[in-house]
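Here the structure is laid out as structure tokens; the discussion comes afterwards.
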Amino acid sequence: MLKITYERMQTHHKIIVGNSQQMPELEDGSIHLMVTSPPYPMIAMWDDLFRSVDPKIAKLWQKLVADGDEAAVRQIYILMHDYLGKVWAETYRVLCDGGIACINIGDATRSIGGKFQLFPNHVHITENCEKIGFTTLPYILWKKPTNKPSYKGKGAFLGSGFLPPNAYVTLDCEFILLFRKGRLRKFEPHQKERYNSAFSKQERDEWFSQIWAFKGTRQTASEIERRTAAYPDEIAERLIRMFSVKGDMVLDPFLGSGTTTKVAMLTERNSIGYEMDENLLPLIAKKIGCTAANQAITKIIKR
Ligand SMILES: C[S@@+](CC[C@H](N)C(=O)[O-])C[C@H]1O[C@@H](n2cnc3c(N)ncnc32)[C@H](O)[C@@H]1O
């Protein structure tokens, strides 16, 4: 068995408090990997955010509430994806040739005006990323041991829920969408960092299978922590180790509580995270402060 020894690398980490639709701090082609989870369109916990960032969404929402205008729902949904799409386009600019983008997203179900429907966020993101120029790769389904089956959009099967046809399939998976910019990344033959970043056979077999089934992060803590809908460290760790090598630069344009930065530190990658909610800074500091990555240098930049 090949045994590789190396010293722990010093890495650099930046957290930028600002909107990642524009990332002027980053040069074209300077990022090797993006790992992120955006606010999910049509999931109630993110409604306020989308209304606050786009006045057109706020206006259409008022119309929806006032007249129950169904066409407004579709327009709102598209505008939410337009908002995210600007970040995917900016990510495309800053990724290097062969760089990978990993996007954790859930679909949404919702009853609007008494009509229950699916909002397939993974489809819209895939279509938008393809329009931008990304190549779509096979995705991962993250199976979350959460919800009960639903009847007419309510939480669980009730009474007549045993009778066809008005029950719905439960959404118990989220997507981890994978895209590549350009061609395969090129490396020098036997490049040390690449060999030092190898995963084991067991890791490869598990991580490169399509369904990942482990528990979601425990959403105990404070209200503010729940608000970020953090993904488990293990999601970030697998993706960073699958799609980057030690010393690479990893971007998270929707940093939330700082999970990606924390894991980048622990896996010896450099990182840049954008978060526009300044109130999350103490939470981020707490999360990345408790890592064992004592050789990491962190800068927080307020635009
Ligand atoms: C789903 S959370 C990310 C959770 C993160 N993966 C974690 O583990 O904590 C999405 C975050 O994106 C932030 N956000 C939304 N739009 C943004 C933008 N344009 N630029 C920067 N941050 C944004 C929100 O404030 C929110 O904290």
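General observations
- The charge dipole of the chain, taken about its Cα centre with unit charges on the Cβ of Lys, Arg, Asp and Glu (plus for the first two, minus for the last two), comes to roughly 400 debye.
- Karplus 3J(HN,Hα) series, Hz, for the range 170-184 with 6.51 cos²θ - 1.76 cosθ + 1.60 (x for Gly, Pro): 7, 7, 10, 10, 10, 9, 10, 7, 10, 9, 10, 9, x, 8, 4
- Sparsely packed loop sites in the range 1-95 (the chymotrypsin sites (Phe, Trp or Tyr not before Pro) outside DSSP H, G, I, E and B with at most 15 other Cβ atoms within 10 Å) comprise TYR6.
- Greater than 20 Å apart at Cα, pairs in LYS131/LYS181; LYS192/LYS262; LYS192/LYS287; LYS143/LYS201: LYS192/LYS262; LYS192/LYS287; LYS143/LYS201
- Proximity of backbone amide H atoms, modeled 1.01 Å from N, is registered between GLY29 and VAL94, LEU95 at under 5 Å, excluding neighbours fewer than 5 places apart on the same chain.
- For the chain, the per residue solvent-accessible surface stands at 52 Å², with DNA, RNA and ligands left out and a 1.4 Å probe.
- Under 5 Å, built H, 5+ apart or other chain: amide partners of MET34: ILE100, ALA101, CYS102, LEU251
- Computed [θ] at 222 nm, deg cm²/dmol, the chain (DSSP H ≥ 4; -39,500 (n - 2.57); rounded to nearest 500): -10000 deg cm²/dmol
- For the cross-link pairs LYS63/LYS115; LYS86/LYS186; LYS63/LYS86, the ones whose C-alpha atoms lie over 19 Å apart are LYS86/LYS186; LYS63/LYS86.
- Selected from PHE187, PHE116, PHE134 as most flexible by GNM, with the chain as the system and alpha-carbon contacts under 10 Å: PHE187
- Expressed as a whole percent, the accessible surface of the chain that belongs to carbon and sulfur atoms is 54, based on a 1.4 Å probe.
- The relative contact order of the range 11-302, computed from alpha carbon pairs under 8 Å that lie at least 6 residues apart in sequence, is 28 percent.
- Summarising the label geometry, the points placed 7 Å from Cα in the beta-carbon direction at SER209 and GLN191 lie 3.0 nm from one another.
The values are calculated or read from the model by the stated rules, or taken from the named source; none is laboratory data. On a predicted model such as this, the values are computed, not experimentally measured, just so you know. Neighbour counts are summed over all protein chains in view; Cβ atoms, including those assigned to glycine, are modelled from backbone coordinates with ideal geometry. What goes into the accessible areas is simple: the full protein's heavy atoms, side chains included, and nothing from ligands, DNA or RNA. Shrake-Rupley method; radii C 1.70, N 1.55, O 1.52, S 1.80 Å.
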